[in-house]
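Heads up: the structure comes next, in C-alpha cells.
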Amino acid sequence: MPEHTHRAATSGAPLLEVEGLTAGYGGVQAVRDLSFTVGPGEVVALLGPNGAGKTTSLLATVGLLPLMSGTVRALGQPVDTRKPHLLARRGVMMVPDDRGIFYGLSVADHFRLARRRADASRRALVLERFPALERLMSRKVGLLSGGEQQMLTIAKALLAEPKVLMIDEMSLGLAPKIVQEMLPSIRDLAKQEGIGLVLVEQHIELALSVADRGLILNHGRVVLDGPASELLQRRDQVEAAYFGADDLGDVDEEVLPTASTS
C-alpha cells in the first residue's frame, strides 16, 4: 500500500461536528462519547472490528437513531432525529452497508431516481469516476457483480451533489483490488468538490491510505485517533487498538491529537 501523502482541504467551518455522541439500542449503549469533526474536502476513516459501534455511530449522526447524549451538528445546524429525511435533502448522505438498491431495476433507472431533473454535466462527471457503469446502463442491477453494485450505490449518492457523504463498509464482500480502485476516485472527488467524507471500514490500511484522519473504535469507544499518515507508520499500535489490547505501548502524543486535520 503506498504511503499516504495527500493533504486535507479543510478551509472554512466544519461540515459535520459530533460531540460526545452516545447511542445504542433498547437502553444499551453501543457507542459512547464519540467526538470528531469533518471539514470541507476532509476524509475521516472510522475503523474497528465487527461490533465496535461504527454503523451505530453513522445512524446516530444522520438522525436515524436517537442520541442518548451528546450533540451532532451538520452544515451548521443541529440534526433533528424526528426529520432525518430533511438532512438528506440538505446534502448529508449516507451509503448503507446493504447498498439500498433495487435488483429489478436497471442502472439507468437508478440514475433517474437519484437525479430526477436532467443534469448531463453531473451525470458525465460521475461516470468519469465510474466509467464501468456507462456500458451497464441497460442491465438489471441484480445481474451486476458486487463491485458494480457498490459503484452504482456510491454513484447514486454522488449524483445528488452531497456536501457530506458517509459510506458504511464499502469494502464488504469486495475483493481488495476493487476497493483499491474505487477509494482513490471517491477521495479525489471529495477533495475536488469540498465534500466531507466519512469512511466506515474494517480494513485498516485501505481506509487510512486515502484518509486524512483515522479513529479506531473498539467496544463502542475511540481507542486511537490521529493523522492517517502517522497511524500508517505505527501499525503495531493500530493493530493493538483494533483488536482491543489493554496496553498500546508507549504511544507518541503526536499520534493522538485532538485537532481535526493532519
request  = Could you give me the residue pairs with C-beta distances under 8 Å whose first residue belongs to segment 156-176 and is more than 13 Å from V62 (Cα to Cα), whose second residue is among the acidic types (D, E) and part of a strand (DSSP E or B) wherever it lies, and which are 6+ apart or on separate chains?
outcome  = E169/E201; M170/E201; S171/E201
ask   = Here is a list of conditions, (1) under 16 Å from V198 (Cα atoms); (2) part of a strand (DSSP E or B), and A23 meets all of them except one; can you say which number that is?
value = (1)
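Could you please let me know if G104 is among the small types (G, A, S) and under 20 Å from the mean Cα position of the chain (by Cα)?
Numbers: among the small types (G, A, S): yes; under 20 Å from the mean Cα position of the chain (by Cα): no.
Judged against the criteria, G104 is not a match.
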query = Counting only residues that are in contact with a Pro (Cβ under 9 Å, 6 or more places away or on another chain), of a type outside the set (K, R) and outside any loop (DSSP other than H, G, I, E, B), which one in segment 60-75 is surrounded by the fewest Cβ atoms within 10 Å (Cβ to Cβ)?
reply = T71
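Quickly run through segment 110-165 and pick out the residues that are among the charged types (D, E, K, R), outside any loop (DSSP other than H, G, I, E, B) and within 25 Å of the chain's Cα centre (by Cα).
Keep residues of segment 110-165 that are among the charged types (D, E, K, R), which gives 112, 115-117, 119, 122-123, 128-129, 134-135, 139-140, 148, 156, 161, 163.
After this cut, where a residue has to be outside any loop (DSSP other than H, G, I, E, B) as well, the list is 112, 122-123, 128-129, 134-135, 140, 148, 156.
Matches in segment 110-165: R112, R122, R123, E128, R129, E134, E148, K156.
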key: Unmet requirement for M94, which otherwise passes all of (1) at pLDDT 90 or above; (2) closer than 30 Å to Y25 by Cα; (3) surrounded by fewer than 17 Cβ atoms within 10 Å (Cβ to Cβ); (4) not β-branched (V, I, T)   = (3)
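Check K163, K191 and return the single one that is surrounded by fewer than 22 Cβ atoms within 10 Å (Cβ to Cβ), over 16 Å from M94 (Cα atoms) and among the charged types (D, E, K, R). Steps first, answer last, please.
Working: K163 fails: over 16 Å from M94 (Cα atoms).
Testing whether each residue is surrounded by fewer than 22 Cβ atoms within 10 Å (Cβ to Cβ), over 16 Å from M94 (Cα atoms) and among the charged types (D, E, K, R) leaves just K191.
Please specify each residue of segment 48-59 satisfying the condition of being part of a loop (DSSP other than H, G, I, E, B) and crowded, with 20+ Cβ neighbours inside 10 Å.
In the first step, residues of segment 48-59 are kept if they are part of a loop (DSSP other than H, G, I, E, B); the result is 48-53.
Across segment 48-59, the qualifying residues are G48, A52, G53.
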task = Could you check how many residues of segment 188-237 are aliphatic (A, V, I, L, M), more than 13 Å from the chain's Cα centre (by Cα) and closer than 20 Å to D168 by Cα?
result = 8
key: Given (1) part of a helix (DSSP H, G or I); (2) at pLDDT 90 or above, number of the condition A88 does not satisfy   = (2)
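The values are calculated or read from the model by the stated rules, or taken from the named source; none is laboratory data. Remember, it's a predicted structure, so these values are computed and weren't measured experimentally. Every residue, glycine as well, gets a Cβ built from its backbone with ideal geometry; the counts of neighbours run over all protein chains shown.
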